[in-house]
Every structure is written in structure tokens, then in C-alpha cells.
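A short worksheet on the structure shown next.
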Amino acid sequence: MITIALEGMRFHAPIGLYPEETLLGNEIVVDVYLNVATNHNRADDLKNSVNYEEIYEQVKIVLMQPTHLLENVCRNIIMVVSQLSILIEAVQVRVSKLHPPVAGRIDRVFVEEEWVRSE
């Protein structure tokens, strides 16, 4: 098994509870980690792995949907990414909101969730 990671994907997205957040958007950072089944005898061919660009595009689609909770964004990313290939055995996602609108200074808040394929 190998790990494939896409770290620091940045989006300006309509994620948040307050109407202003949905209207104006927030800076969101997404990290995705995949455990992918490997067979060292496989040819050097993309069909024997996972396409990074496809993962990015699926994450982007999820982030462009107005959503109140980071928890739902996390689950939706896991749902679409886990279905991209039967080689994906586990997915871990972290969704961070930079400088959230709270009465104080916070660099970021994040939600992290993991999914493991059942036998």
C-alpha cells in the first residue's frame, strides 16, 4: 500500500453558517490523503494508480456547493473521492477554514475525518 497526498489545496468557497459567509465566501484549505493498493509488478500506467487532477477537480466541485458545516464538506469529499477507484483503501480529509469570523483571532479551524473501505 502507498499513500498519495494532496496537501494545501486552496479555494475561496461559500462555506459557513452565516449568510455573509455564503455570499462572500471563506478561504478554505483541503488536505486529502489516500491509501492506495499497490502491486509492484504493475506497469507504469495511470490506470494502476489514482489521478491527482481528478481528485482535485472532485474536491473543487464539492467546495463550490454552499454548505454550512465543515463536517459536511469533509464527508462529501470522502464520498466522491473514495468512489474514484477500487484501488483506494482509505481516505483521510482535513478541511480548514482560515481566519474564521469569530470574536477573536484564530488562524484556522479544521475538521478531519477518515474513511476505510470495509471488506
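Residues satisfying the criterion are present in segment 10-22 (criterion: small (Gly, Ala, Ser) and crowded, with 17+ Cβ neighbours inside 10 Å).
This table checks each residue for (1) among the polar types (S, T, N, Q); (2) in a strand (DSSP E or B); (3) touching a residue at least 12 places away in the same chain (Cβ under 8 Å); (4) surrounded by fewer than 18 Cβ atoms within 10 Å (Cβ to Cβ).
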| site | (1), (2), (3), (4) |
| --- | --- |
| VAL30 | no, yes, yes, no |
| ASN35 | yes, yes, yes, no |
| GLU53 | no, no, no, yes |
| GLU71 | no, no, yes, yes |
| ASN76 | yes, no, yes, no |
| ARG105 | no, no, no, yes |
| VAL109 | no, yes, yes, yes |
| GLU114 | no, yes, yes, yes |
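A count restricted to segment 55-69 and to residues that are of a type outside the set (Ser, Thr, Tyr), in contact (Cβ under 8 Å) with a residue 40 or more places away in the chain and over 19 Å from GLU20 (Cβ atoms) stands at 3. Pairing each residue of segment 5-23 that is at positive phi with any residue that is open to solvent by 100 Å² or more (accessible area, probe 1.4 Å) and assigned to a loop (DSSP other than H, G, I, E, B), provided the two are 6+ apart or on different chains, yields C-beta distances under 9 Å for GLY16/HIS68.
The values are calculated or read from the model by the stated rules, or taken from the named source; none is laboratory data. Just so it is clear, the model here is predicted, and its values are computed rather than measured. Don't worry about glycine lacking a Cβ; one is built from the backbone with ideal geometry, like all the others, and counts go over all protein chains shown. Heavy atoms of the whole protein, side chains included, go into the accessibility calculation; ligands, DNA and RNA do not. Shrake-Rupley method; radii C 1.70, N 1.55, O 1.52, S 1.80 Å.
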